[in-house]
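Engineer: Sharing a structure here in C-alpha cells format.
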Amino acid sequence: MSHEPAASEVEIVEVGPRDGLQNESRELSTEAKVDLVERSFAAGLGRVEVTSFVHPRAVPAMADAEQVLAGVAAGPGRVRSALVINQRGLDRATAAGVDDLNLVLVATETFSRRNQRMGVAETLAEIGRLVAGTGRPVCVTIAAAFGCPFEGRVPEATVLDLAGRVADLGVREISLADTIGVGTPDQVARLVRGLDEVAPGVRRRAHFHNTRNTGYANAVAALEAGIDALDAATGGIGGCPFAPGATGNIATEDLLYLLHGMGVRTGVDLAAVVDNARWLQERLGGAPVPGQLSRAGVWPA
Ligand code: COA
Ligand code: ZN
C-alpha cells in the first residue's frame with residue numbers, strides 16, 4: 001500500500017439536481033429543483049450539475065431543463081453545469097445559457113447503445129463535433145469506467161485508451177464514472193494515475209456511486225491519486241435509469257464529513273449541506289435518503 005499524503009483541497013461538484021433527481025420516482029416541481037440548486041450554491045458548492053438536456057421521453061424528470069436553468073441566475077462562484085449527449089442537447093443548453101458542459105462517453109458498446117442509442121465510436125465522433133462547436137468548458141465523463149451492467153468487467157486499457165482520445169479533442173476535464181458502483185480503491189488508483197499518462201494537463205474528476213458500499217473508499221483512493229474534482233449528490237440519491245440496479249451517488253454531506261476530518265479543504269459548509277439533505281428528504285416524500293449525516297448529525301456538534 002502506498003502512504004502518500006492526500007491532496008490538501010479538492011473541488012466537489014454537486015450532481016444531485018441531475019444524477020439524483022433523474023432516478024427518483026417522485027418528481028420535484030421546477031421551483032423545488034431551482035431551490036435545490038440555489039441551496040447548493042449557498043452552501044459553498046461552486047459548481048452544480050443543474051440538469052440534463054436529453055430527450056424528455058428518455059428522462060422525463062429532466063423535461064423542464066430550460067425552465068430550471070432559467071430559474072438559476074448566472075454569477076461569479078456559481079458554475080451552472082449541464083449534461084449533454086448530442087447536438088440537439090448542446091443547442092438547447094447553449095440557448096439556455098449554460099456555463100459548463102458534461103458530455104457522456106459510455107465505455108462499453110451495449111450500455112452506450114442502451115443509454116444514448118449510439119455506439120462508442122459514434123459517440124466519440126459526436127463529442128468531437130460538440131467540443132469543436134462550443135466555446136464553453138467541457139468535461140467528458142467516461143461512464144461505466146469501472147464495470148458495465150451488461151458486459152461485466154471493463155479492461156482498464158480500454159478506459160485509458162478512450163481517455164487519451166478524449167484528451168486529444170482538447171477538453172478541459174475528464175471524469176471517470178462508476179455508474180453502477182462496482183469499483184474498488186486499487187482500480188481507482190490505477191485509473192486516476194493512468195490519466196496522468198494518457199491525458200496530461202487535463203483536469204481529473206471522478207464520479208462514484210455507493211451501490212456496493214465502496215463509494216467513499218473509492219473517493220479517498222481518487223484523492224490520494226491526485227484527483228482534482230469529485231462528484232457527489234446531496235442525500236446520496238441518484239442513479240442511471242438505463243443501468244439495471246443502479247443506486248445512489250456518494251452523499252455530498254458524508255463525503256464532506258470525511259474530507260474535512262482528513263483536513264482536506266472544500267470550501268463547502270457541511271452543516272448547510274446536512275440541512276439541504278433533510279430538506280430534500282422531505283421534498284421526496286420523507287423516506288430516509290441513503291446519506292448518513294442527515295440522521296447522524298454533524299460531529300462535534
Ligand atoms: N433533446 C430533445 N430532443 C431531442 C434530443 C435532445 N437532446 N435529441 C434528439 N431529440 C429529438 C430529435 O429532435 C428528434 O425529434 P423529431 O423526431 O421530432 O425530429 C428525435 O428526438 C429523435 O432524434 P435522434 O437523434 O434519433 O435521437 P434518439 O432517438 O437516437 O435518442 C438521445 C438519442 C441521446 C436523445 C436519447 O437516447 C436520450 O436522450 N438519452 C438520454 C440518456 C441519459 O440521459 N442517460 C442518463 C445520463 S448519462
Ligand atoms: Zn451517476
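Engineer: For residue 88, are the conditions met, namely being closer than 18 Å to residue 19 by Cβ and open to solvent by 30 Å² or more (accessible area, probe 1.4 Å)?
Structural biologist: no
Engineer: Suppose we filter 95, 132, 121, 125 for residues that are of a type in the set (A, V, I, L, M), surrounded by fewer than 22 Cβ atoms within 10 Å (Cβ to Cβ) and more than 30 Å from residue 157 (Cβ to Cβ); which single one remains?
Structural biologist: Step by step, each of 95, 132, 121, 125 is checked, and only 95 is of a type in the set (A, V, I, L, M), surrounded by fewer than 22 Cβ atoms within 10 Å (Cβ to Cβ) and more than 30 Å from residue 157 (Cβ to Cβ).
Engineer: Please go through region 202-221 and pick out each residue that is assigned to a helix (DSSP H, G or I) and open to solvent by less than 40 Å² (accessible area, probe 1.4 Å).
Structural biologist: Passing the criteria: 215, 218, 219, 220, 221.
Engineer: Residue 47 is checked against (1) more than 18 Å from residue 134 (Cα to Cα); (2) away from ligand 1 (no atom under 14 Å from the Cβ); (3) in contact with a helix residue (DSSP H, G or I) (Cβ under 8 Å, 6 or more places away or on another chain); (4) not acidic (Asp, Glu) and fails just one. What number does that condition carry?
Structural biologist: Status for residue 47: all satisfied but (3).
Engineer: So, residue 71, is that one away from ligand 2 (no atom under 16 Å from the Cβ), at positive phi, more than 19 Å from the chain's Cα centre (by Cα) and not acidic (Asp, Glu) or not?
Structural biologist: Judged against the criteria, residue 71 is not a match.
Engineer: Going by the structure shown, is residue 153 more than 16 Å from ligand 1 (Cβ to nearest atom), of a type outside the set (Gly, Ala, Ser) and in contact with a strand residue (DSSP E or B) (Cβ under 9 Å, 6 or more places away or on another chain)?
Structural biologist: Against the criterion (more than 16 Å from ligand 1 (Cβ to nearest atom), of a type outside the set (Gly, Ala, Ser) and in contact with a strand residue (DSSP E or B) (Cβ under 9 Å, 6 or more places away or on another chain)), residue 153 does not qualify.
Engineer: Turning to a different aspect of this structure: Sort out which residues of region 168-183 are in contact with a Phe, Trp or Tyr (Cβ under 8 Å, 6 or more places away or on another chain) and either away from ligand 2 (no atom under 16 Å from the Cβ) or open to solvent by 30 Å² or more (accessible area, probe 1.4 Å) (or both), and write them in order of number.
Structural biologist: Answer for region 168-183, where residues must be in contact with a Phe, Trp or Tyr (Cβ under 8 Å, 6 or more places away or on another chain) and either away from ligand 2 (no atom under 16 Å from the Cβ) or open to solvent by 30 Å² or more (accessible area, probe 1.4 Å) (or both): just 182.
Engineer: If you check residue 103 against the conditions, is it under 18 Å from residue 239 (Cα atoms) and open to solvent by less than 10 Å² (accessible area, probe 1.4 Å)?
Structural biologist: So residue 103 passes the test.
Engineer: Also, quick follow-up: Which members of region 222-243 meet the condition of being in a helix (DSSP H, G or I) and either open to solvent by less than 10 Å² (accessible area, probe 1.4 Å) or within 12 Å of ligand 2 (Cβ to nearest atom) (or both)?
Structural biologist: Within region 222-243, 222, 223, 234, 235, 236 qualify.
Engineer: Could you tell me whether any residue of region 135-147 is open to solvent by 10 Å² or more (accessible area, probe 1.4 Å), over 23 Å from residue 99 (Cα atoms) and away from ligand 2 (no atom under 16 Å from the Cβ)?
Structural biologist: no
Engineer: Take residue 289 and decide whether it is within 16 Å of ligand 2 (Cβ to nearest atom) and in a helix (DSSP H, G or I).
Structural biologist: no
Engineer: Does any residue in region 114-135 that is under 23 Å from residue 57 (Cα atoms) come within less than 7 Å, Cβ to Cβ, of a residue that is part of a loop (DSSP other than H, G, I, E, B) and away from ligand 1 (no atom under 14 Å from the Cβ) six or more places away or on a different chain, and which pairs are these?
Structural biologist: Listed by first residue and then by second, the contacts come to 127/169.
Engineer: Report those strands (runs of 3 or more DSSP E) wholly inside region 1-96 carrying at least 3 residues which are in contact (Cβ under 8 Å) with a residue 60 or more places away in the chain.
Structural biologist: Answer list for region 1-96: 11-14, 79-84.
Engineer: Strands (runs of 3 or more DSSP E) wholly in region 100-201 with at least 1 residues that are of a type in the set (D, E, K, R) and at pLDDT 95 or above - which ones?
Structural biologist: 100-106, 173-178
Engineer: Also: Could you pull out the residue among 251, 221, 232 that is of a type in the set (A, V, I, L, M), touching a residue at least 40 places away in the same chain (Cβ under 8 Å), closer than 19 Å to residue 185 by Cβ and in contact with a Pro (Cβ under 7 Å, 6 or more places away or on another chain)?
Structural biologist: 251
The values are calculated or read from the model by the stated rules, or taken from the named source; none is laboratory data. Given the structure is predicted, the values throughout are model-derived calculations rather than measurements. Cβ sites come from the backbone with ideal geometry, for glycine too, and all protein chains shown count toward neighbours. Calculation scope for accessible area: heavy atoms of the full protein, side chains included, ligands and nucleic acids excluded. Shrake-Rupley method; radii C 1.70, N 1.55, O 1.52, S 1.80 Å.
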